[in-house]
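Each value in this text was obtained by applying a stated rule to the coordinates, not by laboratory testing. In this text, all values refer to a predicted model and were calculated from it rather than measured experimentally.
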Amino acid sequence: IQSLIRDEEPTRPLSDQGISDALKAGGILLARRTVQKYRDELGIPAARERRRTS
């Protein structure tokens, strides 16, 4: 989750569902709610709060 967020485009951050879908493509099945839980535990804000305009 951390590496996906670190590598995301700053103006188009991944939603929790987008992170879940990306992990699923890599063979890791996590529900959106589980991604949200882990993201919260890591202290990473939601996508709308991570969005940065350039």
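Placing one identical point scatterer on every Cα of the range 2-50 and ignoring solvent, what is log10 I(q)/I(0) from the Debye formula at q = 0.25, 0.27 Å⁻¹?
-0.96, -1.11
Using the alpha-carbon atoms, what tilt in degrees (0 to 90, nearest 10) does helix 32-41 show relative to the longest principal axis of the chain?
Computed tilt is about 60 degrees.
What residue among L42, L30, L14 has the largest mean-square fluctuation in a Gaussian network model of the chain, using Cα springs under 10 Å?
Most flexible of the set in this elastic network: L42.
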